[in-house]
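Below: one structure, written as structure tokens.
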Amino acid sequence: FTESLNSNKPIIFISAHYGCWELIGLVLSIKFNAKINVLVQRPTNKAFDSFFYNFRKKFNIETHYNEGFSQLKKLFKKVETKECLGFLIDQHGESENNFGYFFDKKVSIPTISINIAYKYDAIIIPVFVKRLPHDLHQLVFLPKVSIDNKLEKKAELKRVSQELYNIMENFIKYKPDEWLWSYQRFNKLSKINDEGSEQEG
């Protein structure tokens with residue numbers, strides 16, 4: 001991570017709903033003085049939304065909601081000024097335009113983060129929080145994942161997204177009880193697959 005900070009390239013952090021994931025931005029902000037921006041799905045519970053928004057704001061983490069192109073434009077500007085972005089990508093890709101495999105099941109993989117990395121030649125760093133004894137937590141940075149924006153875009157997005165999902169799967173297998181699986185990740189795929197033909201999800 002420190003090597004990437006000195007590269008003068010944008011940094012995109014990729015993680016999952018694993019452990020106490022909100023600590024990732026907090027540590028990056030306090031320990032490394034990094035400017036962090038996160039893209040989230042707005043919670044339906046307004047109290048939760050307000051709590052997490054204010055928690056992040058307290059530690060200079062800017063929250064963006066996945067609610068249209070205007071929010072994405074804000075993220076683009078943050079990347080252009082070399083601020084860091086953070087995404088949790090283990091949930092369903094709503095657009096269903098990119099598919100891969102997760103725990104041997106066919107899934108739709110969200111690509112916003114990878115699209116931004118491709119556009120801006122950003123560094124992608126997988127990072128997770130794991131619990132330790134005595135209520136301690138450890139941030140684990142894994143080797144950066146390279147994306148080549150000189151290659152054909154669709155194929156490169158598919159390759160990188162599957163590589164990231166393989167990394168997530170392996171980390172979850174390490175201690176699966178820390179993964180928030182309760183949102184039923186595997187039952188949301190529609191009948192349309194990546195080749196455009198119909199199949200049961």
message: Tell me which of Phe13, Phe171, Tyr101 sits at the most positive position along the dipole axis of the chain, charges placed on C-beta atoms (Lys, Arg +1; Asp, Glu -1).
response: Phe13
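Which peptide among 46-55, 168-177, 85-94 comes first, and what is the full order, when sorted by highest mean count of other Cβ atoms within 10 Å?
Numbers: 46-55: 12.3, 168-177: 14.2, 85-94: 20.4.
Ranked from most to least packed, the peptides come out as 85-94, 168-177, 46-55.
Which value, in debye to the nearest 20, describes the size of the charge dipole of the stretch 1-98 about its Cα centre when Lys and Arg Cβ atoms bear +1, Asp and Glu Cβ atoms bear -1, and nothing else is charged? Display every interim value, and only then the final one.
Details: 13 positive and 10 negative charges, 97 e Å.
Result for the stretch 1-98 is approximately 460 debye, rounded to the nearest 20.
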query: Under a point spin-label approximation (7 Å from Cα along Cα-to-Cβ), what is the Val40-Phe186 distance to one decimal in nm?
result: 2.8 nm
task: Using label points projected 7 Å from each Cα along Cα→Cβ, tell me how many nm separate Glu94 and Lys57, to one decimal.
output: 2.3 nm
- prompt: Given the options Asn166, Asn149, Asn187, which has the most mean-square fluctuation in a GNM of the chain, springs set between C-alpha atoms less than 10 angstrom apart?
  reply: Asn187
message: As an exercise, use a Förster radius of 22 Å and the Cβ-Cβ distance of Asn115 and Ile30 to find the FRET efficiency, rounded to the nearest 0.05.
response: 0.15
- line: Measuring from its Cα centre, the chain shows a charge dipole (+1 at each Lys and Arg Cβ, -1 at each Asp and Glu Cβ) which, in debye to the nearest 20, is 640 debye
statement: Sorted on mean Cβ neighbours within 10 Å (highest first), peptides 25-33, 12-20 come out as 12-20, 25-33
- prompt: Under the Karplus relation 6.51 cos²θ - 1.76 cosθ + 1.60, θ = phi - 60°, what is the ordered set of whole-Hz ³J(HN,Hα) values for the stretch 81-89, x standing for Gly and Pro?
  reply: 9, 6, 7, 8, 10, x, 9, 9, 10
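Set the Förster radius R0 to 22 Å, insert the Cβ-Cβ distance between Phe1 and Asn170 as r into 1/(1 + (r/R0)^6), and round the FRET efficiency to 0.05.
Details: r = 19 Å, r/R0 = 0.88.
Working from the Cβ atoms, E equals 0.70.
Based on the alpha-carbon gyration tensor of the stretch 73-186, what equivalent-ellipsoid semi-axes (square roots of 5 times the eigenvalues) come out, in whole Å, largest first? All intermediate terms of the calculation are to be shown ahead of the outcome.
Details: eigenvalues 120, 71, 33 Å².
Each semi-axis is √(5λ); the values are 25, 19, 13 Å.
Every read-out reported here was derived from the displayed coordinates using simple, explicitly stated rules and does not represent laboratory data. Just so it is clear, the structure is predicted and the values come from calculations on it, not from any experiment. A quick note on method: Cβ atoms are made from the backbone with ideal geometry, for glycine too, and the neighbour counts reach across all protein chains shown.
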